[in-house]
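Derivation of every value follows stated rules applied to the coordinates shown; laboratory data play no part. Predicted model only: the values in this text are computed from it and were never measured. A quick note on method: Cβ atoms are made from the backbone with ideal geometry, for glycine too, and the neighbour counts reach across all protein chains shown.
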Amino acid sequence: MRTPLISLACAAVLAPSTSAQLIDFSAVASLDRWMYPFNGSPGTRLNASTFGAPRLEGFDDHDAQFIVGFATGAQIPTGLPLEQYRFASITVRATVSNDRQFRYDPTYDQQNTYESQEGGYPNLVPDSDIGRPVELYPVGYREGYTAATWTETTAFGFNPVVPPAQEARTAFMAIVDTDGNATDASNNLTAEFDLTPMSVGQTDSVAPGDLVPFDTTFTFEIDLCDAATRAYLARGLQSGELRFAIASLHPASGGDTGPTGDPTYPIWYTRENPIAQILGFEPRIEASVRTGPIGDYDNNGTKNIFDILAFIDDYNAQSPLAELTGDCQFNIFDILAFIDAYNAPTP
């Protein structure tokens, strides 16, 4: 039985605070893949690097990407309506295995600060800081593949727009809209537009501009203010798996056979790496999620005072769970959205 919200409003002021249950989820990667055209051992490598080939014809600007996936269905219910997945936080972690080969940059760099691979980019402007960032993106697919059919051993790509590899990859770092449509973001330098990553990798153990030592873990705290990001995450939980692309535009040299010389870019532990397994350096995810109808805020099957108290607690703490309108602001419209959901008939 649902107690009317108006009659509970006064009681909520006097009642003790309560905290609704969250699903705290943590897991190592169930899938990872070095997404690079000349990867001869897809899905089984012990390391995966990320680097760029800026504006180099025949290659994507983001030439080497690292796809990571996390199975969630055993801990978070699948198949719910998208609006019944609400996020308090989602964090992805990845750890570098190479030592002092690239410099830490915790901020996004605009596309016109990257020189072309062959030099001579006419619109180049100086970068305001040292180093290049590592970024996190959604994953999209082409050639008929989907999240349900693409695996870590799927072929890299087919039918490049410009041979040997440009715009060919079957899975790619993406821009997504709220309807789940994905656009390949691998060539934003060539197309001259800036991106908004889900997150820029951070670490407290290295000062900006310093060389990054081995076993440094980068943390990607996903920005939950973006409605398309929330929808992407909800679709992943709905299907039982979250996938992300780790990407960077660190310089690399080499030809059709891949990078050569000393690396100046990140090399990441994969889930197959035995050292990573021992030390806990596999890609991993940590998330706090609440599921169920918004009106039944604590998801115990009953609408009552505890749902109101839980919403009030989250609202006063400015938890993303209580931001119900998608504008990333806490105001009367979130309260009204909760009231509407609370008063709506229970299915």
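Contact order normalised by length for the chain, with contacts defined as Cα pairs under 8 Å and 6 or more residues apart; what percent is it?
Relative contact order for the chain comes out at 31 percent.
On a 0 to 90 degree scale, rounded to 10, what angle separates helix 5-14 from the longest Cα axis of the chain?
80
Of the GluC sites (Glu not before Pro) in segment 174-250, which ones lie in a loop per DSSP and count no more than 16 other C-beta atoms within 10 Å?
When the GluC sites (Glu not before Pro) of segment 174-250 are filtered for loop state and at most 16 Cβ neighbours within 10 Å, GLU192 remain.
Taking trypsin sites (Lys or Arg not before Pro) that fall in a DSSP loop and have at most 16 other Cβ atoms within 10 Å as cut points, what is the longest piece of the chain between them?
In the chain, the maximal stretch lacking such sites is 101-347.
Just report the Cα centroid separation between segment 227-248 and segment 76-146, whole Å.
Here the answer is 14 Å between Cα centres.
Quick one, which of (1) 61, 55, 37; (2) 59, 48, 39; (3) 71, 41, 41 is the actual Cα extents along the principal axes in Å calculated for this model?
Answer label, from the structure shown: (3).
So what is the calculated 222 nm ellipticity per residue for the chain, using -39500 (n - 2.57) for each DSSP H run with n of 4 or more, over all residues, to the nearest 500 deg cm²/dmol?
Computed mean residue ellipticity for the chain: -4500 deg cm²/dmol.
If we count other beta carbons within 10 Å of each Cβ, what is the order of THR216, THR146, fewest first?
Lowest count first: THR146, THR216.
How far is the Cα center of segment 268-340 from the Cα center of segment 164-196, in Å?
28
Got a sec? How would ASP109, ASP179, ASP210 order by Cβ neighbour count within 10 Å, fewest to most? Write down the numbers at each step before the final one.
Working: ASP109 19, ASP179 8, ASP210 13.
Ranking ASP109, ASP179, ASP210 by Cβ neighbours within 10 Å, fewest first, gives ASP179, ASP210, ASP109.
Select from THR107, TRP34, ILE76 the residue farthest towards the positive end of the dipole of the chain; place +1 on Cβ of Lys and Arg, -1 on Cβ of Asp and Glu, and compute about the Cα centre.
It is ILE76.
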